[in-house]
Amino acid sequence: MKALTVYVGRNVKVVEQRPVEELVSHKLIRWYDYFHVYQSTGTHKAWWTQTNAEPPPSQGMNELTDSEYERIAKSDNVRFSRTTNIGGCYIVMRFRFKLAFPEEDLKKLRLKFEGYGVRGSDYGVTMKVWNHVSGAWEHETTGTGSGDEEITITITTNIPNYVDADGYVYVLVRTTYADDGTNHATLYCDYAKCLITRAKFKVLHTPISDLDQDGVPDEPEHVMVLVNGSEVT
């Protein structure tokens with residue numbers, strides 16, 4: 001248990017004992033996935049295409065159907081998959097996550113993909129995140145499993161570079177190996193997820209205070225809230 005010390009008015013000290021992690025963790029940590037996401041949802045999106053390049057977020061791709069969104073909504077071995085038989089092409093998926101927290105408040109951005117890629121006897125999947133400042137896919141991470149594996153990109157510096165002006169984060173995943181004309185390339189996706197950690201939060205409710213004795217209670221500007229000895233603003 002941690003103590004939340006709240007100073008109310010003058011010479012009054014209230015100490016409330018409560019499990020802070022249980023009550024405020026939803027304000028500090030949040031994850032996004034495709035559970036209950038459909039084409040009409042309008043926030044998180046996922047697309048696919050077959051191409052010999054890595055399309056930027058502005059380039060059109062095929063959005064998943066409602067039933068295909070359900071295939072990537074949970075880690076349950078029910079997978080979305082696509083195969084290309086065009087020589088030199090990869091199967092590429094692009095994921096978009098809409099963040100609810102201001103980018104300047106973010107402490108950590110963690111992106112996860114569960115699935116795998118295959119071309120003949122070659123296995124591999126490549127994952128990247130879009131830097132809207134440099135205009136490039138960055139933080140390449142790869143997997144080599146012949147079945148579902150979780151690959152992760154974790155960002156702790158320059159996080160605003162990866163969150164655009166609309167609050168979107170874009171992730172690209174493709175087969176590491178392109179179709180070679182004989183062996184076709186297939187990408188399998190079981191689950192995709194974005195986890196964010198916030199550096200701070202604001203207390204939404206403050207105790208009753210009438211420090212200036214004007215008869216108006218509950219004035220936040222007259223209340224100082226301390227968490228672990230530091231003022232929460």
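The values are calculated or read from the model by the stated rules, or taken from the named source; none is laboratory data. As the structure is a prediction and not an experimental result, all values here were calculated from the model. Don't worry about glycine lacking a Cβ; one is built from the backbone with ideal geometry, like all the others, and counts go over all protein chains shown. SASA here: full protein model, heavy atoms, side chains in, ligands and nucleic acids out. Shrake-Rupley method; radii C 1.70, N 1.55, O 1.52, S 1.80 Å.
Assorted remarks:
- In the set (1) open to solvent by 50 Å² or more (accessible area, probe 1.4 Å); (2) at pLDDT 95 or above, the condition left unmet by GLU104 is number (2).
- Residues in region 125-133 include none that are of a type in the set (D, E, K, R), open to solvent by 50 Å² or more (accessible area, probe 1.4 Å) and part of a strand (DSSP E or B).
- The criterion of being among the β-branched types (Val, Ile, Thr) and closer than 17 Å to PRO56 by Cα does not hold for VAL118.
- Filter result for GLY115 (outside any strand (DSSP E or B), farther than 13 Å from ILE196 by Cβ and either small (Gly, Ala, Ser) or open to solvent by 70 Å² or more (accessible area, probe 1.4 Å) (or both)): no
- Whichever residue in region 40-74 is closer than 21 Å to TYR116 by Cβ and within 16 Å of the chain's Cα centre (by Cα) and, among such residues, is surrounded by the most Cβ atoms within 10 Å (Cβ to Cβ): ILE72
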